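Some notes on the structure that comes next.
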Amino acid sequence: MLKQLVLVPGLLCDRRLFLPQIGALSQDYDIHVAETREDETIETMVSRLLAEIKGDFAIVGLSMGGYVVLDALRQAADRITHFALMDTNAHADLPAATEKRLQAMRLAEQGYFENVIETFVSSVFSPKTVARPGCGDVLRAMAHDMGVDIFLKQQGAIMARADAAARLKDYHQPSLVLCGIEDALSPPAVHAEMARNLPNADYHCLTHCGHMATLERPDAVIDAMRTWLVR
C-alpha cells in the first residue's frame, strides 16, 4: 500500500497549486488534496480532512494550508507521520494583517474582486517569477474559479485561527519547513523560528521565490519533499 500524502492548498487555491508535486510524487504516494472550500473555520476544515482520510498520513500545507496543517497537529498528531509547513506562519494574525484582510473583503463584496485578485497576485510572487507561465496565470485562474463567497469564507477562517506556535515543540516526527527568500507575507525569519521550535525539522529557504514556492520553484520543492518523506 502506498503511503498517504495530504496536500492542503492556500487561500483561493485548489489542487493546481500542487500540480508539479502531484505529477512527480503520485507514483510513490497515495495523494489526497484537502477540501478547503466548504467550511468556515480552520478547525472544521481539519475535521473534514480527518473524516475523509483513514489511517496515518504525511501532510503538507502552504499559506492557509499551513494553518490547516497546524490544527491537524492539534487534533490528530498521532496520525501524522511527516509534517510540512510552506510559506505560512504558526502565529495568529497581527492586527495589521487582519485589517488588510478586512479591506480586501470589503472590496470583494463591493464588486472589486478582480482588483483584489490582481493585488493578491502582485503580492505573493517574486518579481522574477510573477510573469512566468504557470505562476500568475494559474493563481488568477484558481482565484476566479473560487469566487467571492469562498474568498470571504476562507479569509474569515484565517482571521479566526488560533496561535499554534506552542504546539510545535511537542512534534518529534520528521518535519519540513520551506519558504521563498522573497516571501513578503510570511518572511524567512518566521520560518526559521518554526524550524527552531520543531525538534526534527529540515529548513529550506529558496532563492528567486516568493510566497508560492510550489509554483515558483517546483523542482526544488519536489526535491525537498522527497528527502523529507523518506526520513
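Key figures for this structure:
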{"read-out": "Where Asp163 falls short, out of the listed (1) buried (at least 20 other Cβ atoms within 10 Å of the Cβ); (2) farther than 29 Å from Asp223 by Cα; (3) out of contact with any Cys (no Cβ under 9 Å at 6 or more places or on another chain)", "value": "(1)"}
{"read-out": "Single match in Leu176, Leu229, Leu152, Leu198 (criterion: modelled with pLDDT of 95 or more, among the aliphatic types (A, V, I, L, M) and under 16 Å from the mean Cα position of the chain (by Cα))", "value": "Leu176"}
{"read-out": "Ala108 in a loop (DSSP other than H, G, I, E, B) and either at negative phi or at pLDDT below 95 (or both)", "value": "no"}
{"read-out": "Exclusive hit being touching a His at 6+ places or on another chain (Cβ under 6 Å) and either closer than 18 Å to Gln154 by Cβ or part of a strand (DSSP E or B) (or both), set Val46, Val69, Val6", "value": "Val6"}
{"read-out": "One residue from His191, His211 being in contact with a helix residue (DSSP H, G or I) (Cβ under 8 Å, 6 or more places away or on another chain), buried (at least 21 other Cβ atoms within 10 Å of the Cβ), at pLDDT 95 or above and not hydrophobic (A, V, I, L, M, F, W, C)", "value": "His211"}
{"read-out": "The lone exception for Asp145 - which of (1) within 17 Å of the chain's Cα centre (by Cα); (2) surrounded by fewer than 16 Cβ atoms within 10 Å (Cβ to Cβ) it fails", "value": "(1)"}
{"read-out": "Which numbered condition Cys205 misses (of (1) modelled with pLDDT of 95 or more; (2) surrounded by fewer than 23 Cβ atoms within 10 Å (Cβ to Cβ); (3) part of a helix (DSSP H, G or I))", "value": "(3)"}
{"read-out": "Any chance Arg101 is closer than 26 Å to Cys135 by Cα and touching a residue at least 12 places away in the same chain (Cβ under 8 Å)", "value": "yes"}
{"read-out": "Within the stretch 76-130, considering residues that are over 21 Å from Met212 (Cα atoms) and polar (S, T, N, Q), the one surrounded by the most Cβ atoms within 10 Å (Cβ to Cβ)", "value": "Thr81"}
{"read-out": "Residue ID - farthest from Leu102 (Cα to Cα), chosen from residues in the stretch 133-151 that are without any contact (Cβ under 8 Å) to a residue 24 or more places away in the chain and out of contact with any helix residue (DSSP H, G or I) (no Cβ under 7 Å at 6 or more places or on another chain)", "value": "Pro133"}
{"read-out": "Count - residues of the stretch 10-27 that are in contact (Cβ under 8 Å) with a residue 60 or more places away in the chain, part of a loop (DSSP other than H, G, I, E, B) and out of contact with any Phe, Trp or Tyr (no Cβ under 7 Å at 6 or more places or on another chain)", "value": "4"}
{"read-out": "Hey, Thr88 modelled with pLDDT of 95 or more and within 20 Å of Gln154 (Cα to Cα) or not", "value": "yes"}
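The values are calculated or read from the model by the stated rules, or taken from the named source; none is laboratory data. Here the structure is a predicted model, which is why all the values come from computation and not from measurement. With ideal geometry, Cβ positions are generated from the backbone for all residues, glycine too; neighbour counts draw on all protein chains shown.
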